[in-house]
Amino acid sequence: MSTKTAGLTARGGGGAARQPDSGSGAKVRRNADAAYMFDRATETMPREELLALQLRRLRESYTNAYENVALHRERMKAIGFHPQDLKQLGDLADLPFTVKTDLRDHYPFGMFARPRDELLRLHASSGTTGKPTVVGYTAGDLDRWADLMARSLACAGARPGDIIHNAYGYGLFTGGLGAHDGATRLGATVVPMSGGNTEKQIVLLRDFGARVICCTPSYALAIAELAESEGIDLRNGPLAIGVFGAEPWSEAMRREIEARLGLRATDIYGLSEIMGPGVACECEQGQAGPHGWEDHFLFEVIDPETERPVADGESGELVISTLTKEALPMLRYRTRDITRLATATCACGRTHARIQRITGRSDDMLIIRGVNLYPSQAEAALLGIPELEPHYQLVVERIKHLDELTIEVEVRQSVAFSPETFAAIGERVRHHVKSMIGVTAKIHLMPAGSVPRSMGKAVRVRDLRPKD
Ligand code: DLL
């Protein structure tokens with residue numbers, strides 16, 4: 001559905017726009033200004049001020065949701081709560097969560113707090129079943145997103161005047177256009193490459209001399225590998241900064257990408273329900289986890305079982321409330337991403353808390369070559385094919401740095417075997433899966449009874465990718 005690295009297989013603040021430190025579009029020579037920040041006053045705001053700002057904006061965001069979104073109003077009324085009752089940030093812990101299925105249940109526009117004709121953009125990502133999760137933006141939302149993405153790119157080390165090669169997928173996925181608008185706002189020259197066509201990516205990276213590349217970490221490695229096999233050494237060129245995210249990755253992968261592309265690899269985090277890329281971004285100085293932009297988002301970490309906040313610095317599920325979104329205010333959104341928050345001021349001087357590396361998810365969502373995929377979506381696609389039994393497993397492997405999905409699924413006993421029939425069924429399944437969920441999978445048809453049965457929960461996924 002959402003193509004983070006398009007073409008590979010699939011996905012590849014409140015108030016007016018702020019002026020960058022040195023004036024919009026000002027050229028800063030390569031590495032000339034290591035201390036540059038896009039919005040220094042906000043990025044280094046003392047934490048007490050930041051928390052006071054959060055409380056004020058949180059009340060406004062709850063009021064927007066209460067007044068304009070029936071679901072939120074009903075949930076607040078059901079517990080006798082009114083936004084004016086919000087006296088301190090800690091009050092949040094007793095308020096209801098929002099979950100991904102809320103968006104599906106109110107598909108497509110039922111959770112918008114603004115009339116459709118005030119929305120200037122829609123994006124969508126995978127839902128848990130066939131229906132995508134639709135998100136929308138007012139002019140103000142797009143403006144703040146561009147600011148936050150510019151802030152993120154600058155935090156990662158990009159500067160006005162840089163060439164930014166953007167290989168995040170353009171389209172319904174938020175990566176491409178999100179990074180694009182941010183790079184433009186920063187005053188950089190954007191190469192709107194999108195994902196795929198790796199050979200051309202390498203030629204343009206070399207010929208245009210990009211200083212910054214934006215893509216998923218797995219795609220960065222795929223680019224490195226193809227460049228090496230073609231004898232093109234990107235390490236000798238101006239490429240200096242990578243802004244990588246949209247899928248889980250590790251410190252080992254960071255080191256490998258840095259060595260093979262000769263750049264500093266920074267981690268960018270985001271999700272479409274909250275905004276898209278640029279909810280948080282790592283600084284090049286610290287490389288110690290993405291700074292979550294706390295003037296626009298409120299981050300909590302909860303125990304996914306008890307649903308209560310964990311102690312400061314403990315690991316749990318990240319929950320995010322938007323503070324300035326007009327079209328789609330999100331209240332205590334359960335991201336399902338497992339992480340920790342670090343609040344000590346960073347080496348770079350920024351005061352915004354750092355989201356530590358995402359170590360997993362509290363649901364069964366897989367990210368395969370950047371495509372968000374729930375086993376239930378694959379199941380829905382397989383159930384539409386009458387020759388198949390409802391017994392399957394998704395096997396995920398990493399081959400040459402890229403994720404490969406194989407679907408092992410049983411064929412009904414009543415289907416007589418012939419190589420032609422099976423080849424035709426296999427092709428139909430592959431096509432159906434691709435068109436419904438946007439992932440190219442290898443299909444392994446199995447005799448009835450051969451997918452392992454489980455005594456308890458069915459094991460739907462065998463994720464054989466290295467953890468580090
Ligand atoms: O992936 C937005 C994005 C685009 C982020 C480009 C960064 C760069 P979704 O398609 O809605 O949005 O997927 C969101 O991807 O809940 C995480 O599980 C995962 N994810 C995103 N960034 C990271 C990261 C975009 N840096 C889901 N590390 C999130 C680990 C990440 N996982």
Which strands (runs of 3 or more DSSP E) sit wholly inside the stretch 205-309 and have at least 1 residues that are assigned by TED's automatic domain parsing to the domain that holds residue 171 and more than 14 Å from the chain's Cα centre (by Cα)? 212-215, 241-245, 264-271, 297-302
Would you confirm whether any residue within the stretch 192-202 is part of a helix (DSSP H, G or I) and either among the basic types (Lys, Arg) or surrounded by fewer than 17 Cβ atoms within 10 Å (Cβ to Cβ) (or both)? yes
Any hit, the stretch 306-313, residues being touching a strand residue (DSSP E or B) at 6+ places or on another chain (Cβ under 6 Å) and not charged (D, E, K, R): yes
Hey, among the residues in the stretch 169-191 that are of a type in the set (Val, Ile, Thr) and outside any helix (DSSP H, G or I), which one's farthest from residue 438 (Cα to Cα)? 189
In the stretch 376-405, the residues that are over 18 Å from residue 435 (Cβ atoms) and either surrounded by 17 or more Cβ atoms within 10 Å (Cβ to Cβ) or in contact with a strand residue (DSSP E or B) (Cβ under 6 Å, 6 or more places away or on another chain) (or both): 389, 391, 393, 395, 396, 397, 401, 402, 403, 404
For residues that are in a loop (DSSP other than H, G, I, E, B), among the hydroxyl-bearing types (Ser, Thr, Tyr) and in contact with a Phe, Trp or Tyr (Cβ under 9 Å, 6 or more places away or on another chain), tally how many sit in the stretch 92-131. 3
I want to confirm something. Restricting to the stretch 113-126 and keeping residues that are within 24 Å of residue 377 (Cβ to Cβ) and open to solvent by less than 30 Å² (accessible area, probe 1.4 Å), which single residue is modelled with the lowest pLDDT? 126
Mind checking which residues of the stretch 274-289 are open to solvent by less than 10 Å² (accessible area, probe 1.4 Å) and either at positive phi or within 11 Å of the ligand (Cβ to nearest atom) (or both)? 274, 275, 276, 278, 279, 280, 281, 282, 289
Taking the stretch 132-168, which residues are more than 12 Å from the ligand (Cβ to nearest atom), under 28 Å from residue 438 (Cα atoms) and in a loop (DSSP other than H, G, I, E, B)? 138
Show me the strands (runs of 3 or more DSSP E) entirely contained within the stretch 373-468 in which 3 or more residues are over 30 Å from residue 228 (Cα atoms). 388-399, 402-411, 441-446
Checking residue 148 against (1) touching a Cys at 6+ places or on another chain (Cβ under 8 Å); (2) closer than 17 Å to residue 284 by Cα, only one condition comes out false. Which one? (1)
Residue 230 - would you say it is within 16 Å of the ligand (Cβ to nearest atom) and among the charged types (D, E, K, R)? no
Run down 133, 129 and say which single residue is buried (at least 21 other Cβ atoms within 10 Å of the Cβ) and at pLDDT below 95. 133
Can you name the residue in the stretch 241-267 that is near the ligand (Cβ under 8 Å from one of its atoms) and open to solvent by 10 Å² or more (accessible area, probe 1.4 Å) and, of all such residues, is farthest from residue 361 (Cα to Cα)? 267
Only one residue in 430, 412 is open to solvent by 40 Å² or more (accessible area, probe 1.4 Å), under 30 Å from residue 223 (Cβ atoms) and not assigned by TED's automatic domain parsing to the domain that holds residue 260, so which one is that? 430
Is it the case, given these coordinates, that residue 65 is loosely packed, with under 14 Cβ neighbours inside 10 Å and not assigned by TED's automatic domain parsing to the domain that holds residue 301? no
Would you confirm, using the coordinates I've provided, whether residue 368 is surrounded by 14 or more Cβ atoms within 10 Å (Cβ to Cβ) and within 16 Å of the ligand (Cβ to nearest atom)? yes
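The values are calculated or read from the model by the stated rules, or taken from the named source; none is laboratory data. Please read these numbers as outputs of a predicted model, since none were measured by experiment. A quick note on method: Cβ atoms are made from the backbone with ideal geometry, for glycine too, and the neighbour counts reach across all protein chains shown. Just so you know, the surface numbers come from the protein's heavy atoms only, side chains and all, with ligands and any DNA or RNA stripped out. Shrake-Rupley method; radii C 1.70, N 1.55, O 1.52, S 1.80 Å.
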